[in-house]
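Report on one structure; see the data block that follows.
The values are calculated or read from the model by the stated rules, or taken from the named source; none is laboratory data. Not measured: the values here are computed from a predicted model. Every residue, glycine among them, receives a Cβ derived from its backbone with ideal geometry; neighbour counts consider all protein chains shown.
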Amino acid sequence: MQDLIRKLLAELGEDPEREGLLQTPKRVEKALTFLTSGYDANIDEVLNDALFTVDYNEMVIVKDIDFYSLCEHHLLPFFGKCHIAYIPATKVIGLSKIPRLVDVFSRRLQIQERLTSQIADTIREKIAPLGVAVVVEATHLCMSMRGVEKQNSFAVTSAMHGAFRNNARTRMEFLELIKLRSAAPAQLDSMPAGFACIGQD
């Protein structure tokens, strides 16, 4: 990979041998290896048996999960926040594993739509919940730095399955709750009984 990066620098009109660029191929290789490490991840190993049988069938939300990914069309970053909810049938996922699941799929060459679907589909496959919902909000540098050059735009994608697709009240409850940016005492007091919400702010 380092030889390819040296050739790319030369094609761009740069001198790969100048002081500031001597270590660039090594650094870029290391960065790209990390940013695409999701290809080598095994979902079952990431979850690490953190699937637990519980008698609980209320909504669980993990919101404001920061993520960074690379657009597969231009190899430029897109980044933002991911909000995930599910209603358990018989099993729950260890809460710390949900952000790790986001990392697995974001650390690949991606498009936001597929990222959203892959997260939702994996949760459906692993615990068969009564419903699962994923909302992703992201800024795309391929829109900000080039092309239309709209610095303040962002994209929102969603995947709704089961109760979140079929029940408008459940769907709206989720969409309202992910708007809460802080778990202030007054907000916590107003949350429905049996509701679990874990913020990543």
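None of E14, E29 is within 23 Å of P77 (Cβ to Cβ), assigned to a loop (DSSP other than H, G, I, E, B) and among the charged types (D, E, K, R) except E14.
Taking (1) under 16 Å from the mean Cα position of the chain (by Cα); (2) surrounded by 19 or more Cβ atoms within 10 Å (Cβ to Cβ) in turn, R100 satisfies each apart from (2). Are any residues in the range 149-165 at pLDDT 95 or above and of a type in the set (S, T, N, Q), and if so, which ones? Once the filter is applied, which keeps residues that are at pLDDT 95 or above and of a type in the set (S, T, N, Q), the range 149-165 yields T157, S158. Considering K30, K26, K81, K63, the condition of being without any contact (Cβ under 8 Å) to a residue 24 or more places away in the chain and either in contact with a Cys (Cβ under 6 Å, 6 or more places away or on another chain) or charged (D, E, K, R) (or both) is satisfied by K30 alone.
Restricting attention to the range 155-183, the residues that are in contact with an Asp or Glu (Cβ under 6 Å, 6 or more places away or on another chain) and in contact (Cβ under 8 Å) with a residue 40 or more places away in the chain add up to 1.
Quick check, is E58 farther than 29 Å from A163 by Cβ and of a type in the set (D, E)? The answer is no for E58.
Taken over the range 81-99, residues that are in a strand (DSSP E or B) and within 15 Å of A120 (Cβ to Cβ) amount to 7. Would you check if there is a residue in the range 75-84 being charged (D, E, K, R), out of contact with any Ser or Thr (no Cβ under 8 Å at 6 or more places or on another chain) and crowded, with 17+ Cβ neighbours inside 10 Å? Within the range 75-84, one or more residues are charged (D, E, K, R), out of contact with any Ser or Thr (no Cβ under 8 Å at 6 or more places or on another chain) and crowded, with 17+ Cβ neighbours inside 10 Å. For the range 69-80, the tally of residues that are hydrophobic (A, V, I, L, M, F, W, C) and assigned to a loop (DSSP other than H, G, I, E, B) stands at 2.
Hey, any hits in the range 55-63 for a residue that's more than 26 Å from T157 (Cα to Cα), within 27 Å of the chain's Cα centre (by Cα), surrounded by fewer than 12 Cβ atoms within 10 Å (Cβ to Cβ) and not basic (K, R)? No: zero hits.
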